[in-house]
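Report on the structure given below.
Each value in this text was obtained by applying a stated rule to the coordinates, not by laboratory testing. For clarity, every value in this text was computed on a predicted model and none was experimentally measured. Here Cβ is always computed from backbone atoms with ideal geometry, including for glycine, and neighbour counts include all displayed protein chains.
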Amino acid sequence: MAEEKYFDLLITDDDITLDAGGIPERCSNRDSIAQDIVHMIRETGLLVELVGNRDERKKAENVVKLTMDVDNDERIVPGTCAITEPSLGVFYLQAETVEFGPIYTTVEIS
């Protein structure tokens, strides 16, 4: 098993994930980085603008801003982030971590 360089409490559906004994579960390395990226994206507020905006240029501009924010994370290989919106309010993100390979995650507006 790889050393845990990055770790965090696992969040599922905006709540701390507990094991069968009620103890918070942890995530590490690639999963922790992906979780941090999702939280960073949500905190920017740009996702709400993406869903609510009909101007395709403005939407594209916001996707570029989010992509740059992800690429600026020191744990991500710059230039590897890609964000797509396969359906309204659902965004797929993929990027390459410096040490732990690719991350693939979904960010949804609920």
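Derived value for the chain: Kirkwood hydrodynamic radius 14.8 Å. Basis is the mean of 1/r over every pair of different alpha-carbon atoms. Database remark: amide H of Ile76 closer than 5 angstrom to the amide H of Val98 (H placed geometrically; neighbours at sequence offset of 5 or more, or on other chains; Pro and chain starts carry no H). If I fit a long axis through the Cα atoms of helix 56-71 and take the longest principal axis of the Cα atoms of the chain, what angle between them do I get, 0 to 90°, rounded to 10? The helix 56-71 is inclined about 30 degrees to the chain. Compared with the dominant principal axis of the Cα atoms in the chain, helix 29-44 is inclined by about 40°.
Around the amide H of Leu18, modelled in the peptide plane, lie the amide H atoms of Glu25, all under 5 Å away and 5 or more residues distant in sequence or on another chain. Using the average count of surrounding beta-carbon atoms within 10 Å as a protection proxy, the listed peptides 69-80, 9-20 rank, highest first, as 69-80, 9-20. Within the stretch 1-58, the trypsin sites (Lys or Arg not before Pro) that combine a DSSP coil assignment with at most 14 other C-beta atoms in a 10 angstrom radius are Lys5, Arg54. Converting phi to 3J(HN,Hα) with the Karplus coefficients 6.51, -1.76 and 1.60 and the offset θ = phi - 60°, the stretch 4-15 yields 7, 7, 10, 8, 7, 6, 6, 10, 10, 6, 6, 9 Hz in sequence order, with x at every glycine or proline.
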